[in-house]
Every structure is written in C-alpha cells, then in structure tokens.
Amino acid sequence: MNIRDMNWMQVEAYLQSDDRCVLPLGSVEQHGYMSLCVDQVLAERVAQEAAEPLGVPVFPALPYGLAPYFQAYPGSMTLRVDTYVRVVRELLDGIRRAGFRRVLVVNGHGGNQPAAALAIEYGMDHPEMRIKFHNWWAAPRTMAEVRAVDANASHASWMENFPWTRLPGVPLPAETKPALDMDLLRVLPPAEVRAYVGDGNYGGAYEKPDADMLRIWGIAVEETRALLEGGWGR
C-alpha cells in the first residue's frame, strides 16, 4: 500500500491490526547518463514491491539527501548533515505520533548513513519503537548477485541501470570504465570530484542485459520483504 493512495481514516483502520510502515530515503544527484533521481526511484520502488503483498503502507521517499561531493554537477542537491538528521527525526516523530511502532527505513543512497546512526538513537529515546535501517543495494544476497554478474560495479554504472532509471533517447557508452580510487574521491572537493570522475560513473560497464538486472532486483525485493516480515524483537 502506498500512503499516497490512502486517506487518514484508512491509515487509522490499518493501525488497529498492524503497526508496520516503510520510509524510503533517496537523493537527487548526478547518476551519469541516468536520472538525477535514481536513488529516490529505486528506494521507493523496492520498498513498494516488498511491502505490497504484506499490505504494509509505504510513505513517499524523502527525495533529498546528503551529496556534497556532487555539487559541481548541475541538478545535484544536498542538505547539511544537521538539517538532514533533523528532517528524518521529525518524519519519525510524525510516524510515531500516528501510531506506527515498527519502521523499516529503506535507504537508496550511501551518503545518507547519518540516518542509520539516528535510527539507533531514536530507539534509545523511544523504546516503544523498532526501527530497521536497510541499505537495499548492499544487502548480502543482492550484493553477492551483483558481484556474480560483474565485480566492477559502482555509482552510476550498470548496477543502477534498471528499466525504470534509464532516460529515453539517451545513448550509453559501450566501454567499461576502470574502477576509480575511492580513497582519493573521499578527500576531493566538488570541482575536483567532477574533474576526476568525468561523466559520473565510478567504474564499470554502463549497462547489462535486462535478465541480469531483473534477477538482481528480484533478490533485492525478497531481502527487503524479509526484513518487514520478521526480526522485530516482539
């Protein structure tokens, strides 16, 4: 269920029998030849497909995240860390006031990790809450399948190129880009990140066959659904 397809009365009725929900986190940032909203699209979609058979409501993805290193790429957005953590905390406050007690946070962007620390802190402040933080693309089975297809896979490469993140009419390079130096990337200011990264791909081919991509996606949905189904400690 999508919250966008429910009214408040339906949410209130749902909470009479279940207290689970999903909050996806995304980012608006360069993804090479793909949409600037790749992380938002993927976090929300994997959450929706995982939750749908269980009837668990999914909130719209928070579109903006933490991407200061991409600020030399037009269209890339970022929040300050303190702003971002405050926004996620206030969203969790609203979820708690509504009556939800078990929250799966499905994160689509590696830079959003401060929200993972917040999830633990929030549980300390509100012991009635159970919050799981899930980097969907890095889950064990999903990442294992990515590596089985091609170990050279990273940001804005083939591993994020699904049918729903491609832009129509945008051709992709045929070559495979060598993996970049991640340690170097972490210390460069935005202008130097752009000069080093170029088109946005951190390393790898630009696309793989849809059969591979859909197999990876199916595993990602299964791993996300498993987190909703169990392991809540009650």
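Pick from Val38, Val28: which is buried (at least 23 other Cβ atoms within 10 Å of the Cβ) and of a type in the set (Val, Ile, Thr)?
Numbers: Val28 fails: buried (at least 23 other Cβ atoms within 10 Å of the Cβ).
When all the criteria are applied, what remains is Val38.
Could you list all residues from the stretch 179-194 that are surrounded by 11 or more Cβ atoms within 10 Å (Cβ to Cβ), among the aliphatic types (A, V, I, L, M) and part of a helix (DSSP H, G or I)?
If the condition is that a residue be surrounded by 11 or more Cβ atoms within 10 Å (Cβ to Cβ), among the aliphatic types (A, V, I, L, M) and part of a helix (DSSP H, G or I), then Met182, Leu184, Leu185, Val193 are the ones that fit.
If you go through the stretch 97-115, how many residues are assigned to a helix (DSSP H, G or I) and either among the acidic types (Asp, Glu) or surrounded by 18 or more Cβ atoms within 10 Å (Cβ to Cβ) (or both)? Please lay out each step first, then the result.
Start the filter on the stretch 97-115 by keeping residues that are assigned to a helix (DSSP H, G or I), which leaves 97-98, 110-112, 114-115.
Now drop any that are not either among the acidic types (Asp, Glu) or surrounded by 18 or more Cβ atoms within 10 Å (Cβ to Cβ) (or both), which leaves 111-112, 115.
Looking only at that region, the number is 3.
Just need a number here: residues in the stretch 43-96 that are within 26 Å of Leu228 (Cα to Cα) and not in a loop (DSSP other than H, G, I, E, B).
Looking only at that region, the number is 27.
Go over the candidates Thr165, Thr142, Thr78 one by one and state the one that is polar (S, T, N, Q) and farther than 20 Å from Val46 by Cα. Break it down into steps so the answer makes sense when it comes.
Values: Thr165 fails: farther than 20 Å from Val46 by Cα; Thr142 fails: farther than 20 Å from Val46 by Cα.
Thr78 is the lone residue from the list that is polar (S, T, N, Q) and farther than 20 Å from Val46 by Cα.
In this structure, does Glu121 turn out to be of a type in the set (Asp, Glu), assigned to a helix (DSSP H, G or I) and without any contact (Cβ under 8 Å) to a residue 12 or more places away in the chain? Write out each step before concluding.
Details: of a type in the set (Asp, Glu): yes; assigned to a helix (DSSP H, G or I): yes; without any contact (Cβ under 8 Å) to a residue 12 or more places away in the chain: yes.
When the stated conditions are applied, Glu121 passes them.
Look through Ile216, Ile131 and report the one residue that is buried (at least 18 other Cβ atoms within 10 Å of the Cβ), under 23 Å from Val106 (Cβ atoms), in contact with an Asp or Glu (Cβ under 7 Å, 6 or more places away or on another chain) and in contact (Cβ under 8 Å) with a residue 12 or more places away in the chain.
Ile216
Read-outs throughout are calculated quantities, based only on the coordinates presented, and are distinct from any laboratory measurement. In this text, all values refer to a predicted model and were calculated from it rather than measured experimentally. When we count neighbours, we look across all protein chains shown, and the Cβ atoms used for this are built from the backbone with ideal geometry, even at glycine.
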